[in-house]
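Data first, discussion second: the structure below is written as structure tokens.
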Amino acid sequence: MSADTTTEARLKVDEIYRAESRQVLATLIRLLGDFDAAEEALQEAFAVAMEQWPRDGIPANPRAWLVSTGRFKAIDGMRRRTRYDASLNELAKHIETTTSDPLEQTDEHIDDDCLRLIFTCCHPALSEDAQIPMTLREVCNLTTEEIARAFLTKPATIAQRIVRAKAKIRDARIPYEVPPPSELPERLDTVLRVVHLVFNEGYAASSGTSLTRADLSSEAIRLGRLLLQLLPDPEIMGLLALMLLHESRRPARTSTNGDLVLLEQQDRSLWNRDQITEGVTLVERALSSRRFGPYTIQAAIAAVHAEAPNTRETDWPQIVGLYDGLIRAEPSPIIELNRAVAVAMRDGPATGLELVDALLEHGELAQYHLAHATRADFCRRLGMNAEARASYQRALGLAKQEPERRFLERRLAELPG
Amino acid sequence: MKYLCLVYLEETVFNAFHSHERHAISDEATAYCDKLQKAGQLLAASPLHPVETATTVRVRDGKTSTTDGPFAETKEQLGGFLMIDVPDLNDAIRVAAHFPAARFGSVEVRPMKELGCAD
């Protein structure tokens, strides 16, 4: 075999690793019943592939070959270590007899394995701190270093959270399964929340100097697509649509010097039309299912914005109506605040101010910088400059992100008198 | 796998129920435990006397000290337990979720170690 074909085969192995390693891992976890053993088996299987495939050619079904080799290597490894730990022989025998060789199986269980992996990483018995890194590590194949960088924390912290999560999965015996239909809506909520949090972390970083971290958002969108392919549920459609419609605005959302640009001032010609088309189609499909929830309603709001040429010609009555629906589905003071903004666009800033003052009086949003920034904006538009100044200063005292702080400072400086 | 389900509740919350409600909850708990027992999932279960009856024991430097009261003073107190044997955590969560006190208290689900406590 020539050097060229060897290199070609190696490249092919790399390509298969990128495309298939998560599915192979997902199946190995089911067969071996252990995350760490499965990861080790996965690495061993690819090591064998690296050696054999350039020489013997790539097997007809590489994924099944890799699972089969990984399973065999794991059983073999347990047998070899039996002299140190007798229980391993029992375990090896158990795995050998209770699972069949994947080469003799069809691919139909593969999708289920992938879903099992997602539902296990997002199990509600794991903390949110653990669900997110577990999902990014095991399902998305990001390294702990990459996850740490994205969440502005130390790799050791992320590694520790993953180790703890795996220990809980093993010790508390969290099963590797897709929840039964009766529990699916509740469990899916947790999965969607994890995906949405990953997206938001990438879209509006919670602190730090840079406003967006695009990689996390694209991972979240990829997860959304994967979920939708595995489980056609309207709320998955809704969440994917919401992420795509928000992502479509990314190029217009920050100025060249990294400053925040409000929806009102964004250059809409910069919006990504392909993402908007896909998002709008998904929203329509989700809405027509009549089984949609809060993600779909939020996506529908984003779709109204996406289809409007500018703020003035936006269908604000429809947006207010959608917010009413959202508040019914998922009451929250932050949604009330967003509704107040839409009402102000429909009926004028005086009505908006009344709503925001009522919300602030209620207390829950008193420490939320955007509530004060919104109040400041209404006051500014009504010419109540002293009140606007006080509210901008409140907001500035609470805002953590540099670009948001710069935005508020700019607004303060622009106030007359 | 064996799990110990620790049932925590605020005694004042439970005592605030009407006596017929308390009896209904108690009957429901007893019936539920019977059902679990028949299904072979229940190893042991019992309500506990209130925390005022608790004594905490420690031995330090060979000396036994006993103090009045529970190990930790919290608003919700350990009110009883169920020891169950089910295949995995999802089943344990299902069992815990159907226990009446889960509706007004909390149930902590702890997997029990099969081997010694050092393992």
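The values are calculated or read from the model by the stated rules, or taken from the named source; none is laboratory data. Bear in mind the structure is a predicted one, so any value in this text is a computation, not a measurement. All Cβ positions, glycine included, derive from the backbone under ideal geometry; neighbour counts span all protein chains shown. Remember, those area values only see protein heavy atoms, side chains included, never the ligands or the DNA or RNA. Shrake-Rupley method; radii C 1.70, N 1.55, O 1.52, S 1.80 Å.
Annotations
- Overall form of the range B:2-111 per C-alpha gyration tensor (a/c, 1.5; a/b vs b/c): oblate
- Given their separation in residues at 0.36 nm each and the Cα-Cα distance between them, residue B:73 and residue B:48 gain 7.4 nm when the chain is fully extended.
- For the range A:3-106, the spread of Cα coordinates along the three principal axes comes to 47, 28, 21 Å, biggest extent given first.
- With all protein chains in place and ligands, DNA and RNA left out, the 1.4 Å accessible area ranks A:261, A:139 as A:261, A:139, largest first.
- Calculated FRET efficiency for the pair residue A:4/residue A:143, C-beta based, R₀ 30 Å, to 0.05: 0.45
- Viscosity 0.692 mPa s, temperature 37 °C, Stokes-Einstein D of chain A from Kirkwood C-alpha radius, µm²/s: 135
- Note: relative contact order over chain A, using C-alpha pairs below 8 Å and six or more positions apart, is 10 percent.
- Between A:17, A:203, A:323, the GNM of chain A built on Cα springs shorter than 10 angstrom shows A:17 fluctuating the most.
- Accessible area in the full protein assembly, largest first, 1.4 Å probe, for A:368, A:84: A:84, A:368
- Part-to-part distance (alpha-carbon centres) for the range B:56-119 and the range A:229-307, which is given in Å: 46
- Residue A:157/residue B:56 FRET efficiency (R0 30 Å; Cβ-Cβ; nearest 0.05): 0.30
- Rg in Å to one decimal, and Dmax rounded to a whole Å, for the range A:267-389 via C-alpha atoms: 15.8, 49
- ³J(HN,Hα) computed for each position of the range A:82-91 - Karplus, 6.51 cos²θ - 1.76 cosθ + 1.60, integer Hz, glycine/proline x: 4, 5, 8, 9, 4, 5, 5, 5, 4, 5
- Computed from the C-beta positions of residue A:60 and residue A:98 and an R0 of 30 Å, the FRET efficiency is 0.70 to the nearest 0.05.
- Accessible area per residue, Å², the range B:2-111 with all protein chains present, probe 1.4 Å: 63
- Averaged over its residues, the range A:245-300 has an accessible area of 52 Å² per residue, based on protein heavy atoms and a 1.4 Å probe.
- Cα-projected label distance for residue A:177 with residue A:285, points at 7 Å along beta-carbon direction, nm: 3.0
- The value of relative contact order for the range A:349-405, using C-alpha pairs under 8 Å at least six residues apart, is 33 percent.
- These residues, B:113, A:73, go from largest to smallest accessible area, 1.4 Å probe, as B:113, A:73.
- Relative contact order %, the range A:262-417, counting alpha carbon pairs below 8 Å whose residues are six or more apart: 13
- Maximal additional length on extending the residue A:197-residue A:274 stretch stands at 25.4 nm, based on 0.36 nm per residue less the C-alpha distance.
- Computed label-point distance, nm, for sites residue A:256 and residue A:385 using a 7 Å Cα→Cβ extension: 3.2
- From helices alone, chain A scores -23500 deg cm²/dmol at 222 nm; the rule is -39500 (n - 2.57) for each run of n ≥ 4 DSSP H residues, then divide by the residue total.
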